[in-house]
1. Give segment 203-239 a look and list any residue that's outside any loop (DSSP other than H, G, I, E, B), closer than 17 Å to Ala141 by Cβ and in contact with a Phe, Trp or Tyr (Cβ under 8 Å, 6 or more places away or on another chain), or say none.
2. Could you grab me the full set of residues in segment 142-164 that are part of a helix (DSSP H, G or I) and without any contact (Cβ under 8 Å) to a residue 40 or more places away in the chain?
3. Would a scan of segment 54-76 turn up a residue that is under 29 Å from Tyr148 (Cβ atoms) and of a type in the set (A, V, I, L, M, F, W, C)?
4. Output the residue which, of all residues in segment 190-243 that are of a type in the set (Gly, Ala, Ser) and more than 17 Å from Asp174 (Cβ to Cβ), is surrounded by the fewest Cβ atoms within 10 Å (Cβ to Cβ).
5. Being surrounded by fewer than 22 Cβ atoms within 10 Å (Cβ to Cβ), at pLDDT below 95 and within 16 Å of the ligand (Cβ to nearest atom) narrows it down to one residue among Asp95, Asp117, Asp130; which is it?
6. Kindly establish whether Tyr290 is buried (at least 16 other Cβ atoms within 10 Å of the Cβ), part of a strand (DSSP E or B) and at pLDDT 95 or above.
7. Which pairs have Cβ atoms under 7 Å, sit 6 or more apart or on different chains, and link a residue in segment 114-134 that is without any contact (Cβ under 8 Å) to a residue 40 or more places away in the chain to one that is surrounded by fewer than 21 Cβ atoms within 10 Å (Cβ to Cβ) and part of a loop (DSSP other than H, G, I, E, B)?
8. Looking at (1) closer than 30 Å to His69 by Cβ; (2) touching a helix residue (DSSP H, G or I) at 6+ places or on another chain (Cβ under 6 Å); (3) without any contact (Cβ under 8 Å) to a residue 40 or more places away in the chain, find the lone condition where Asp181 falls short.
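The values are calculated or read from the model by the stated rules, or taken from the named source; none is laboratory data. The structure displayed is predicted, hence computed values, not measured ones. Counting neighbours? That spans all protein chains shown, and the Cβs are built from the backbone with ideal geometry, glycine included.
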Amino acid sequence: QSLQRWNQVGENLNKFLTEMGYEVDLQYADNEVQQQVSQIENMITKGAKVLIIAPVDGSALSAVLAEAHDAGIKVIAHDRFITETENVDCVGTFDNNKVGALQGQYIADALDLEHADGPFNLEIVAGSLDDDNASYFLGGAMEILQPYIDSGKLVVRSGQTTREQCATDAWQTDVAQARMDNILTAYYTAEKLDAVLCSNDSTALGAESALKSAGYGSGDLPFPVITGQDCDTANVKAIIAGEQSMSVFKDTRALAKQVASMAQAFMNGEEPEYNDTTTYNNGAKVVPAYALEPIVVTKDNYQEKLVDSGYYTEAELK
Ligand code: BGC
């Protein structure tokens, strides 16, 4: 619940499922794997018919989901993939590789990497190592950016480009901030940073704080191009203030609707609707999926995408 997005996810799921007439038991696991396992065990004991899970660690649920399977419970992975188990029935998510590709392409376009001479300095702030999504975000972005790194047009002065080197434990803002503080001190006293690939908004906030402390955004040192994901209100405000360049919007209402309808299909003894039955291999099987399309939000379209669509009120972004 420390991340705005998951609260919106929970509220929307609760709302749609309740409207459909189901009894909902909504629990948050405080980013703790063991707490999540205990919560799921409890739900199994209490007779849940369907489990909708956004896993803290997607590979840590095999044992408890075997219990769910034995109890005849259907399991839906919500947003984050559940790996290393046969006992997940489907996944409702966004195209996570595309999220990364949109971020990478945004940086490529903003710096005009195709035409400009460069070189430009880039640093990377990736997600948590236990979140399967994080590898797709970074992978999708690097498909776009790696060729420019290889040709020397983009330079990562810290040398930190692997998922392990760039990871942010539990996607925490202060962890991202501390790492960026260190990078700026060690590699950017004489050089300026031109772009920061941040995999999501909570990590972008950390990078932005570090950059501000180092003097970016004042005098003749503009903020670098900074990406994000989720369109959390703090970050949309940063976009409006010119401190963050973009965020990838994944409408929690649309995903909740899709996942609620998956649950409804299972409750009716039917198979949900899927749009991808080949990609989502979790190491134990290919899991049928419905993957929604993420979109880019910037200063130019936030009004239309976030306010006119009713996602936020104008006042929430003040
Ligand atoms: C979600 C992102 C979120 C991140 C941190 C990911 O699995 O897809 O939307 O920013 O977790 O909670």
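1. Answer for segment 203-239, where residues must be outside any loop (DSSP other than H, G, I, E, B), closer than 17 Å to Ala141 by Cβ and in contact with a Phe, Trp or Tyr (Cβ under 8 Å, 6 or more places away or on another chain): Thr203, Val225, Gln229.
2. Listed by number, the residues that qualify are Gln146, Pro147, Ile149, Asp150, Ser151, Arg163, Glu164.
3. no
4. So, considering only residues that are of a type in the set (Gly, Ala, Ser) and more than 17 Å from Asp174 (Cβ to Cβ), the one surrounded by the fewest Cβ atoms within 10 Å (Cβ to Cβ) is Ala190.
5. From the options Asp95, Asp117, Asp130, the qualifying one is Asp130.
6. Here the answer is yes, as Tyr290 does meet what is asked.
7. Every condition considered, the pairs that remain are Gly118/Lys153; Pro119/Gly152; Pro119/Lys153.
8. (1)
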